[in-house]
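The block underneath contains the structure these notes are about, expressed in structure tokens.
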Amino acid sequence: MRAILVHRLGPPEVLELADVPRPEPGPGQVLVQLHATGVNFSDTERRRGVYKNLTLPWTPGTEGAGRVVAVGPGADPSLVDRRVAFWALPPAVSGTYAEYAVAPAAALFHLGDAVPYDLGAALPVQGLTAYGLAFFATRLVPGATVLIHAAAGGVGQILAQLARRQGARVLGTVSSAEKAAAVERLGGEAFLYGPDLPERVAAATGGRGVDRVFDSVGRATQAQSLALLAPYGELIFFGEASGPPDPVDPDQLYDRCLKIGAFGLYIDDPATWAMARRDLLTWIETGELAISISRRFPLAEAAEAHRLLEGRATTGKIVLLPDGG
């Protein structure tokens, strides 16, 4: 099969198309012929060496969508020919920047015929992350005000919809007028990044601030995120695109009784996350949840997909098409 291989860590140019052996499904796994693959910022971080546990050569990718063509020992044979999407971390999944990948049978989204593969591939990582932030990482109540950094990104757009679903007012930071329009289409209020962001948010909230800040940017937005919070507010980190946040002295938190937390996509309770997969698919099928796909690239152009993602030149999701589309 064709797959992207990384022989050395570095810039997008290290992503090379190659012929490699097709993987075989192990116990509890399925083999999926991929028709679409999701591209995530964490893929770019691994390519640059942010994570230290890679064995080279390496094929990126942790999510995809396609058709099951084989099952491993212990997996349900009736899964063959099913339309599915999935997310899992290695070694439970082989790299998905490829024409075929193995994935845990327990991690599958079962796609209805009305859900195209590219949309299926855009859902798992960002959909489950947004679901976990909205329902597990904190408690949102009707009337709460939240601010989402990078609100026009893949996670940001889904999280905005899920927060509004719970009755929250949604503010979102963006870097351009185009991205502001994307946030506003979802019912959010867009704010351009800038040194006066806390003052503008204070004015928009009657001087109170926001109850929750969801921050995937990290170091560059950390100080403003804390400044934006209302009394008893909570800052939740779920990424660090600009670098890891600085340590926080608890003395900074006492005056407003603030809390700082973090969320990572950690599947600890299979039944709970099976419910999350079902909910997300149901909301897509009923039109209650919109997934934005920014760009689609053939597999051979994975490097260009990484350049755009790292350059913040996209809104929504980037998808690779291993079969050429």
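The values are calculated or read from the model by the stated rules, or taken from the named source; none is laboratory data. Computed from a prediction, not measured in an experiment: that's the story for all the values here. Counting neighbours? That spans all protein chains shown, and the Cβs are built from the backbone with ideal geometry, glycine included. Heavy atoms of the whole protein, side chains included, go into the accessibility calculation; ligands, DNA and RNA do not. Shrake-Rupley method; radii C 1.70, N 1.55, O 1.52, S 1.80 Å.
Looking only at residues of region 46-68 that are aliphatic (A, V, I, L, M) and assigned to a loop (DSSP other than H, G, I, E, B), we find that the one that is surrounded by the fewest Cβ atoms within 10 Å (Cβ to Cβ) is Leu56. Looking across region 32-45, the residues that are within 20 Å of the chain's Cα centre (by Cα) and buried (at least 16 other Cβ atoms within 10 Å of the Cβ) come down to Leu34, His35, Ala36, Thr37, Gly38, Val39, Asn40, Phe41, Ser42, Asp43, Thr44.
Would you confirm whether or not region 151-160 contains a residue that is under 23 Å from the mean Cα position of the chain (by Cα) and without any contact (Cβ under 8 Å) to a residue 40 or more places away in the chain? Looking for residues that are under 23 Å from the mean Cα position of the chain (by Cα) and without any contact (Cβ under 8 Å) to a residue 40 or more places away in the chain, one finds at least one in region 151-160, hence yes. In this structure, Glu178 qualifies as at pLDDT below 95, of a type in the set (Asp, Glu) and farther than 21 Å from Ile267 by Cα.
Open to solvent by less than 20 Å² (accessible area, probe 1.4 Å) and more than 16 Å from Gly316 (Cα to Cα), is that true of Phe191? So Phe191 fails the test. Within the span defined as region 132-139, one or more residues are outside any helix (DSSP H, G or I), out of contact with any strand residue (DSSP E or B) (no Cβ under 8 Å at 6 or more places or on another chain) and over 11 Å from Val183 (Cα atoms). For Ala203, the conditions (1) in contact (Cβ under 8 Å) with a residue 40 or more places away in the chain; (2) surrounded by fewer than 21 Cβ atoms within 10 Å (Cβ to Cβ) are fulfilled apart from (1). For region 91-107, the tally of residues that are within 19 Å of the chain's Cα centre (by Cα) and open to solvent by less than 10 Å² (accessible area, probe 1.4 Å) stands at 4.
Only one of the numbered conditions (1) open to solvent by 20 Å² or more (accessible area, probe 1.4 Å); (2) farther than 23 Å from Ala85 by Cα; (3) touching a helix residue (DSSP H, G or I) at 6+ places or on another chain (Cβ under 8 Å); (4) not small (Gly, Ala, Ser) is not met by Thr173, and that is (1). Residue count for region 274-325 satisfying the condition of being of a type in the set (S, T, N, Q) and touching a residue at least 12 places away in the same chain (Cβ under 8 Å): 4. Does Ala160 count as open to solvent by less than 60 Å² (accessible area, probe 1.4 Å), in contact with a Gly (Cβ under 8 Å, 6 or more places away or on another chain) and modelled with pLDDT of 95 or more? The answer is yes for Ala160.
Table: residues versus (1) assigned to a helix (DSSP H, G or I); (2) at positive phi.
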{"residue": "Val146", "(1), (2)": "no, no"}
{"residue": "Gly167", "(1), (2)": "no, yes"}
{"residue": "Leu171", "(1), (2)": "no, no"}
{"residue": "Glu184", "(1), (2)": "yes, no"}
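Within region 15-31, restricting attention to residues that are in contact (Cβ under 8 Å) with a residue 40 or more places away in the chain and over 23 Å from Arg83 (Cα atoms), the residue that is surrounded by the fewest Cβ atoms within 10 Å (Cβ to Cβ) is Leu17. It is to be established whether one or more residues within region 79-90 are out of contact with any helix residue (DSSP H, G or I) (no Cβ under 7 Å at 6 or more places or on another chain), within 26 Å of Gly243 (Cα to Cα) and open to solvent by 30 Å² or more (accessible area, probe 1.4 Å). Yes, that holds for at least one residue. Restricting attention to region 174-194, does a residue exist that is of a type outside the set (S, T, N, Q) and closer than 22 Å to Lys259 by Cα? Checked region 174-194: no residue is of a type outside the set (S, T, N, Q) and closer than 22 Å to Lys259 by Cα.
Residues checked against (1) on the phi > 0 side of the Ramachandran plot; (2) under 21 Å from the mean Cα position of the chain (by Cα):
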| site | (1), (2) |
| --- | --- |
| Val217 | no, yes |
| Ala220 | no, yes |
| Ser225 | no, yes |
| Leu229 | no, no |
| Tyr232 | yes, no |
| Asp255 | no, no |
| Gly261 | no, yes |
| Leu265 | no, yes |
| Met275 | no, yes |
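Could you identify the single residue in Asp196, Asp211 that is among the acidic types (Asp, Glu) and surrounded by fewer than 17 Cβ atoms within 10 Å (Cβ to Cβ)? Break it down into steps so the answer makes sense when it comes.
Details: Asp211 fails: surrounded by fewer than 17 Cβ atoms within 10 Å (Cβ to Cβ).
Testing whether each residue is among the acidic types (Asp, Glu) and surrounded by fewer than 17 Cβ atoms within 10 Å (Cβ to Cβ) leaves just Asp196.
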